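Accompanying notes for the structure given below.
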Amino acid sequence: MAFGDLKGTLSRSVASIANPTTTIAGSIVVAVGDLIFGVCNEQTDNTATGASDDLGNSYSAVNAGSDAGTVTSRAFYSRVTVAGTLTTVSFAATASANNAVVSAAVIEGPFADPPLDANPANITNDLTTPYDCPATGTLAQASEVVMCWFTAD
């Protein structure tokens, strides 16, 4: 694999969000410097406060999250510091009867420490412009991976 390649994904959808909500177990070998990018999508209020995994890597929120009025999402990332076989990523959130989808993608590194170069504000769109994306501005590193996500009801 080469820098920026997708090593694998983990995901799960639930009819009621728990605290925590954990991805369905998988098996992705991660090395120090790889990137784990996870998103918690919720039916209504954005209550996700953090992420963790079964290896003990530390996660940071990308920003405060996004609320389009009916569905919400919040992304978290980790530059792997504990190598091994990643089997689950968990998201801390307020438990409720609301639907949720959690997912995590592992990207081949090594990424700079810290890996976050630009962090544009989230946007919400109407039905006529569903693929708008905020500009990152000039990126500082020679090789970068740009991650984005969206939530739809």
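At a glance:
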quantity	calculated
Residue check, ILE17 in a loop (DSSP other than H, G, I, E, B), over 21 Å from ASP117 (Cα atoms) and open to solvent by 60 Å² or more (accessible area, probe 1.4 Å)	no
Failed item in (1) under 18 Å from PRO115 (Cα atoms); (2) not in a loop (DSSP other than H, G, I, E, B), with SER11 passing the rest	(1)
Selection status of ASP54, within 16 Å of the chain's Cα centre (by Cα) and open to solvent by 50 Å² or more (accessible area, probe 1.4 Å)	yes
Conditions (1) under 13 Å from the mean Cα position of the chain (by Cα); (2) open to solvent by less than 40 Å² (accessible area, probe 1.4 Å); (3) closer than 17 Å to SER73 by Cβ; (4) not charged (D, E, K, R): number failed by LEU35	(3)
Residues within the stretch 62-111 that are surrounded by fewer than 16 Cβ atoms within 10 Å (Cβ to Cβ), more than 25 Å from ALA142 (Cα to Cα) and touching a residue at least 60 places away in the same chain (Cβ under 8 Å), tallied	4
Failed condition for ALA104, given (1) within 20 Å of THR151 (Cα to Cα); (2) out of contact with any Leu (no Cβ under 9 Å at 6 or more places or on another chain)	(2)
Flag if LEU55 is within 26 Å of ALA152 (Cβ to Cβ), modelled with pLDDT of 90 or more and aliphatic (A, V, I, L, M)	no
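The values are calculated or read from the model by the stated rules, or taken from the named source; none is laboratory data. Small disclaimer: the values here were computed from a predicted structure and weren't measured. Don't worry about glycine lacking a Cβ; one is built from the backbone with ideal geometry, like all the others, and counts go over all protein chains shown. To get the accessible areas, we keep the full protein, side chains included, count just its heavy atoms, and leave off ligands, DNA and RNA. Shrake-Rupley method; radii C 1.70, N 1.55, O 1.52, S 1.80 Å.
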